[in-house]
Amino acid sequence: MKISIIGVGLIGGSIALKLREKGAADFIYGIDNNSGHLDDALDLKIIDAKVDLEYGIKNSDLIIIAIPVDAARKILPDVLDLISEEQTVMDAGSTKAGIVNIVKDHPKRSRFVAFHPMWGTENSGPKSAVSESFSGKAGVICNKEESAEDALNTVENVVKALDMHLIYMNAEAHDIHTAYISHISHITSYALANTVLEKEREEDTIFQLASSGFSSTVRLAKSHPEMWVPIFKQNKENVLDVLNEHITQLRKFKSALEKENYEYLGELISNANKIRGILDK
């Protein structure tokens with residue numbers, strides 16, 4: 001199988017490495033506006049050749065779109081315009097309703113499979129790609145009934161080659177759930193980083209006193225705005241909903257401290273501890 005990957009960064013590069021390792025790809029074309037990324041991907045043997053968009057699409061069995069979600073929405077209709085009825089297109093974006101809706105009336109909609117690998121880091125670029133990144137993680141396919149059976153089978157086989165466990169969801173439901181388990185985590189991390197930077201002017205002190213707890217909590221604040229602003233934009237209503245609830249919870253902690261109601265503070269923490277039983281399953 002010949003594959004073209006549009007966007008050879010962290011996600012696209014990691015997918016390419018794993019598919020090559022598993023023997024699921026015979027030849028991998030890289031397509032990227034960043035020539036440095038393409039050169040790095042070649043040097044790291046993530047791709048076999050760097051090509052332009054039209055050549056890569058016309059010479060591939062599978063096209064994987066692994067670029068920020070706003071750019072993916074813009075390029076997907078053009079990609080579908082260029083493919084045949086034997087080719088398959090999949091994306092790897094963190095929001096799904098927008099990209100599904102943008103091509104709902106496209107004559108080749110059935111050749112597209114909406115996919116989200118539930119993994120990512122604060123790093124970016126092909127040098128951050130790791131072949132084992134997706135192992136054991138959830139791979140979500142959305143609105144599978146809108147995809148042709150053979151296209152769906154192709155993507156299902158890709159997900160299995162990535163060693164992910166498959167989950168099927170409606171695109172709107174996916175976006176609601178990811179707002180709660182992923183998108184709010186990034187907003188919280190950005191806000192915490194900005195809080196500390198505002199209050200602590202001596203950067204050396206931050207570095208010297210930073211504990212593992214602080215470092216793990218603020219790790220996501222290293223994630224790039226080029227990726228996350230489009231995600232927040234595409235999933236705005238769901239993110240606002242969860243953000244309002246998060247602010248309500250923060251106010252409860254603030255009120256308990258202001259009123260010196262330490263019993264209530266303990267109740268808030270104990271209630272939060274219930275998440276352990278869910279995450280440790």
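The values are calculated or read from the model by the stated rules, or taken from the named source; none is laboratory data. Keep in mind it's a predicted model, so treat the numbers as computed, not measured. So basically every Cβ, Gly included, is an ideal-geometry build from the backbone, and we count neighbours across all protein chains shown. Heavy atoms of the whole protein, side chains included, go into the accessibility calculation; ligands, DNA and RNA do not. Shrake-Rupley method; radii C 1.70, N 1.55, O 1.52, S 1.80 Å.
What do you get for the angle between helix 10-21 and the principal long axis of the chain? Use alpha-carbon atoms, 0 to 90 degrees, nearest ten. That works out to roughly 50 degrees.
Antiparallel beta bridges, as assigned by DSSP with both residues in the chain, represent about 15 percent of the total such bridges.
Taking a 31 Å limit on the Cα-Cα distance, which of the listed pairs K127/K252; K45/K160; K45/K236 fall beyond it? From the list (K127/K252; K45/K160; K45/K236), the Cα-Cα distance tops 31 Å for K127/K252; K45/K236. Amide H contacts under 5 Å for K137: H165, restricted to partners 5 or more places along the chain or on a different chain, H placed in the peptide plane at 1.01 Å from N. Considering only V79, A66, A97, and ranking their Cα positions along the charge dipole of segment 59-122 that arises from unit charges at the beta-carbon of Lys, Arg, Asp and Glu, the one farthest toward the positive end is A97.
Each helix, a run of at least 4 DSSP H residues, gives -39500 (n - 2.57); summed and divided by the residues of the chain, these come to -15500 deg cm²/dmol at 222 nm. Measuring gaps between exposed loop sites in the chain (GluC sites (Glu not before Pro); DSSP loop; at most 13 other Cβ atoms within 10 Å), the longest gap, sites not included, is 1-84.
Once the Cα atoms are used to define both axes, helix 225-234 deviates from the longest principal axis of the chain by about 90 degrees. Roll a 1.4 Å probe over the protein chains and send me the accessible area per residue for segment 1-115 in Å². About 39 Å² of surface per residue is accessible. For segment 262-267, the Karplus equation 6.51 cos²θ - 1.76 cosθ + 1.60, evaluated at θ = phi - 60°, returns couplings of 6, 5, 5, 4, x, 5 Hz by residue, with Gly and Pro reported as x. Pairs of Cα atoms nearer than 8 Å and 6+ residues apart set the relative contact order; for the chain it is 17 percent. Projecting the Cα atoms of F112, V155, L166 onto the charge dipole of segment 103-168, computed from C-beta unit charges around the Cα centre, puts F112 farthest toward the positive end.
Among the trypsin sites (Lys or Arg not before Pro) within segment 6-90, those in coil by DSSP and having at most 13 neighbouring Cβ atoms inside 10 Å are K45.
Look at the Cα gyration tensor of the chain: its axes a ≥ b ≥ c give a/c of at least 1.5 with a/b over b/c, and that counts as prolate. For segment 1-129, the share of accessible area belonging to carbon and sulfur comes to 47 percent (1.4 Å probe, ligands and nucleic acids excluded).
Amide H to amide H, with H built 1.01 Å from N, G93 comes under 5 Å of F115, counting only residues 5 or more places away or on other chains. Against the chain, whose longest principal axis comes from its Cα atoms, helix 236-258 is set at around 20 degrees. Where the centre of each part is set by its Cα atoms, how far does segment 1-67 sit from segment 227-281, in angstrom? Here the answer is 39 Å between Cα centres.
Computed from point charges on the beta carbon alone (+1 for Lys and Arg, -1 for Asp and Glu), the dipole magnitude for the chain about its Cα centre is near 460 Debye. 3J(HN,Hα) along segment 71-77: 5, 5, 5, 6, 8, 4, x Hz, from the Karplus curve 6.51 cos²θ - 1.76 cosθ + 1.60 with θ = phi - 60°, whole Hz, x for Gly and Pro. Specify whether the C-alpha gyration tensor of segment 81-153 places it in the rounded, prolate or oblate class, a ≥ b ≥ c being the square roots of the eigenvalues: rounded for a/c under 1.5, otherwise prolate if a/b is larger than b/c and oblate if not. Prolate, since a/c reaches 1.5 and a/b exceeds b/c. Across segment 127-138, computed HN-Hα scalar couplings (Karplus, 6.51 cos²θ - 1.76 cosθ + 1.60, θ = phi - 60°) run 5, 8, 5, 9, 5, 8, 3, 9, 4, x, 8, 7 Hz from first to last residue, x flagging Gly and Pro. Other residues with beta-carbon under 15 Å from the beta-carbon of A256 carry, at +1 per Lys or Arg and -1 per Asp or Glu, a net charge of 0.
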